[in-house]
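Have a look at the structure below, then the notes.
Nothing in this text is a laboratory measurement; each read-out follows from the coordinates by a stated rule. On a predicted model such as this, the values are computed, not experimentally measured, just so you know. Glycine gets a Cβ as well: all are built from the backbone with ideal geometry, and neighbour counts include every protein chain shown.
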Amino acid sequence: MQAVQVTTAFANGLFMSLVLIVAIGAQNAYVLRQGLRREHVGAVVLFCAASDAVLIGAGVAGMAQALKGRPMLATALAGLGAAFLCAYGLRALWRSRQPAALQATAQGASSLSRAAVVAQAAGFTLLNPHVYLDTVLLVGSAGAQQAGLLKVWFVAGAATASALWFTSLGFGARLLAPVFAKPRAWQMLDALIGGTMLVLAAMLLRRALAGA
């Protein structure tokens, strides 16, 4: 196996994953918010990055083809994802009415346990059909076209992109802490997150009804 082939496969996985993952979505919004709160950021980043690595590996190994033949599974995932996003979106909008509910302090006590925060991250990751469409189907299908062990390098590149992105999003959010020390900024953030969640929920519900 030539070094050029390995480098190309790794770069293809890296850039394809970055193109798909760097977008406004439920998972990214949640990681950003946890980073601003400084609440179990490492656990959230680790879970999201590890989940992407597993899903990408599964897609390259053949899950992409399996999901293509099961439209009812995609419909069920869309329905579950819509319900989850709707519930979280309404909670975020409710929080936006309470300016003192959130504080971007480094030393403040956490309002949720690590398990609860990771469980929410799991919901945004595993109940989001876009994760399966992008990570499993698109990235998985592209990686499956690699020859032999080059598939491993493709997965490594894609997983590296996810790890870098979630790390930057979660821990880089701290640079915005002075801005979000103001209650009004938290209100605006929660309102934006809540609205985004509800829009995504409506889109997923529409997809679920269309596929039923």
Principal semi-axes in Å for the stretch 122-212 [√(5λ), Cα gyration tensor, largest first]: 32, 23, 7
Note: Leu176 to Ser113 extended length (0.36 nm per residue) minus current alpha-carbon separation gives 20.3 nm
Taking R0 as 41 Å, what's the FRET efficiency between Ser141 and Gln98 from their Cβ-Cβ distance, rounded to 0.05? 0.35
Simple spin-label estimate for Leu133 and Gln2 in nanometres, 7 Å along Cα-Cβ: 3.8 nm
What length, rounded to one decimal in nm, is gained on full extension from Ala43 through to Val19, with 0.36 nm per residue of separation minus their alpha-carbon distance? 6.2 nm
